[in-house]
Amino acid sequence: MSKIVLHASVFSRSFVAHWMLLELGVPYEVVDTDIRTGMQKAPPYLKLNPMGKVPTLVDDGVVVTELPAICLHLADKYGYGTLAPKIEDPLRGTYLRWTVFSTTTFEPAAYLGTSDAKEARGVGWGTQKAMLDTLEHALTPGPWLLGDRFSAADIALGGVFSIAYFNKRFPARPVFDAYYQRLSDRPANKRAGEINWPPELLKQP
């Protein structure tokens with residue numbers, strides 16, 4: 001088994017990487033890179049991730065940054081054929097689409113949005129409504145992005161979706177309410193949430 005090190009911080013999108021690793025059931029070491037104190041901007045960390053963002057994965061010496069890449073790497077290496085459809089699987093393309101959609105389209109549209117059609121063409125992720133309509137269609141009838149099959153796409157996209165949903169960054173819809181609940185009910189999701197948002201820290205003023 002490779003040695004897996006996750007550079008992560010509480011109260012961050014590191015939640016998604018924790019969730020991915022916990023779903024796979026592979027052991028990993030966590031290096032605290034607390035964004036509250038600026039540890040992600042320290043020179044040693046910037047050598048790993050020049051963007052100064054968390055998380056960063058180091059898998060047997062291989063450095064992987066960006067959440068979709070981390071999820072794709074881990075799924076192919078440790079969950080190939082289960083959390084990651086095989087190359088020859090007809091669902092492989094759909095799986096890749098939604099994994100990448102997580103940060104290229106969903107996040108910018110959810111957080112930045114745009115309502116002007118001309119502006120939407122310029123920014124590349126379209127309008128928030130178009131993004132939400134597209135995602136709703138993908139989850140109908142569901143229950144997962146690949147239909148009956150849960151995959152790393154649901155972790156990559158579902159992770160950032162859950163954070164945005166919780167923070168009310170987009171209008172609620174019944175399909176999204178149900179998807180959020182299904183994601184939240186997964187044991188690995190619950191454990192990742194406890195790691196990323198420790199109850200004892202949430203109680204602090």
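Hey, can you rank 96-106, 135-145 by average C-beta count inside 10 Å, highest first?
Packing proxy ranking, top to bottom: 96-106, 135-145.
Given the alpha-carbon gyration tensor of the chain, what are the semi-axes of its equivalent ellipsoid in whole angstrom, ordered largest first, with each equal to the square root of 5 times an eigenvalue?
Values: eigenvalues 136, 89, 63 Å².
Gyration-tensor ellipsoid for the chain: 26, 21, 18 Å.
Explain nothing, just compute: Karplus ³J(HN,Hα) = 6.51 cos²θ - 1.76 cosθ + 1.60, θ = phi - 60°, for every residue of the stretch 26-34 in order, whole Hz, x for Gly and Pro.
So the Karplus estimates, Gly and Pro as x, are 9, x, 8, 9, 10, 9, 5, 10, 5 Hz.
Using a basic spin-label model with each label point 7 Å from the Cα along Cα→Cβ, how many nm lie between D177 and S2?
Once both label points are built, they end up 4.2 nm from each other.
If you average 1/r across every pair of different Cα atoms in the stretch 64-109 and take the reciprocal, what Kirkwood value do you get, in Å?
After inverting the mean inverse Cα-Cα distance, the result is 10.9 Å.
Please give the contour-minus-distance gain from V26 to L202: 0.36 nm per residue of separation, less the Cα-Cα distance, rounded to one decimal in nm. Show your work: numbers first, answer last.
On the way: separation 176, 0.36 × 176 = 63.36 nm, distance 2.74 nm.
Gain on extension, V26 to L202, equals 60.6 nm.
Show which aspartates and glutamates lie in cross-link reach of K41 when reach means a straight Cα distance below 17 angstrom and same-chain residues fewer than eight apart are skipped.
Excluding near neighbours in sequence, the set is D32, E66.
Over 23 Å apart: what share of the alpha carbon pairs of the stretch 1-115 falls there, rounded to a whole percent? Display every interim value, and only then the final one.
Values: 2245 of 6555 pairs.
Distances greater than 23 Å cover 34 percent of the Cα pairs.
Considering only DSSP beta bridges whose two residues both sit in the chain, what percent are antiparallel, to the nearest 5?
Of the beta bridges lying entirely in the chain, close to 65 percent run antiparallel.
Hey, rough spin-label estimate for D89 and K77, points 7 angstrom out along Cα→Cβ, what's it come to in nanometres?
The answer from the label model is 1.9 nm.
Note the per residue figure in Å³ for the convex hull of the C-alpha positions in the stretch 92-186.
86
Where does each of M39, M20 land when they are ranked from fewest to most other beta-carbon atoms within 10 angstrom?
Details: M39 17, M20 29.
Ascending Cβ contact count within 10 Å gives the list M39, M20.
Please go through the stretch 170-205 and write out the trypsin sites (Lys or Arg not before Pro) that DSSP classes as loop and that have at most 15 other C-beta atoms within 10 Å.
Working: sites: R182, K190, R191, K203; in loops: K203.
When the trypsin sites (Lys or Arg not before Pro) of the stretch 170-205 are filtered for loop state and at most 15 Cβ neighbours within 10 Å, K203 remain.
Taking the Cα centre of the chain as the origin and placing charges on Cβ (Lys, Arg +1; Asp, Glu -1), which of P50, G25, Q128 is farthest toward the positive end of the dipole?
Q128
Just so you know, all these numbers are worked out from the coordinates, no wet-lab data involved. All values derive from a computational prediction rather than experimental measurement. Neighbour counts are summed over all protein chains in view; Cβ atoms, including those assigned to glycine, are modelled from backbone coordinates with ideal geometry.
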